[in-house]
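Working notes for the structure below.
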Amino acid sequence: MGISSSAETATLAMDSTGRLWVCYDSSSKVKVRYSDASSSYSSWSAEITVGSGVKTDDIGAITAFGSDKIGVLWSNQYTTLFGFRYHIDSDDPSNWSADEQPSSQTAANVGGGIADDHMNMAVASDGTIYAA
């Protein structure tokens, strides 16, 4: 697949079309690739950058949510915030939403802010993403 040797973590999620996605960090970027069932998940797309300008210690995670979306959450210790972008399963794989910077409106400018390189996501039955 060709994930960078500098990647600290990688996570997988399958979208509603059966497309398998991987999210990983690579130096100062958060990237995704995908593979389809038609290739028996043996060939992977080129990298798609969903986040950039992060520290080498930052990470990202991917999850499927709602009935037709895949989302990526990542830490950015330079901005002291998290980033989040989503992709609608039926859209072109390179089409992603703008960065939402979750919880930025409540982030206190104290110490390292709210971004840290530890995270977990869970998705409720109504499609709500809970992240810690």
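General remarks:
- Approximate spin-label separation residue 125-residue 77, in nm, with each point projected 7 Å along Cα-to-Cβ: 4.0 nm
- Spacing of the modelled spin labels on residue 103 and residue 39, each 7 Å from Cα toward Cβ, amounts to 3.6 nm.
- Across every pair of non-identical alpha carbons in the range 39-132, the mean reciprocal distance, once inverted, gives a Kirkwood radius of 14.4 Å.
- Distance between the range 26-61 and the range 104-127 - C-alpha centres, whole angstrom: 21 Å
- Taking the accessible area of the chain, probe 1.4 Å, and keeping the other protein chains in place, the carbon and sulfur fraction comes to 47%.
- Estimated from the Cβ-Cβ distance and a Förster radius of 25 angstrom, the FRET efficiency linking residue 9 and residue 88 is about 0.50.
- Whole-angstrom Cα spans of the range 31-78 along principal axes, big to small: 40, 25, 13
- Protection proxy ranking for 95-108, 14-27, using the average of other Cβ atoms within 10 Å per residue and placing the highest first: 14-27, 95-108.
- Heavy-atom accessible area per residue - the range 1-89, 1.4 Å, Å²: 42 Å²
The values are calculated or read from the model by the stated rules, or taken from the named source; none is laboratory data. Computed from a predicted structure; not experimentally measured. Neighbour counts run over all protein chains shown; Cβ positions are idealised from the backbone, glycine included. Accessible surface is based on the protein model in full, side chains and every heavy atom, while ligands, DNA and RNA are left aside. Shrake-Rupley method; radii C 1.70, N 1.55, O 1.52, S 1.80 Å.
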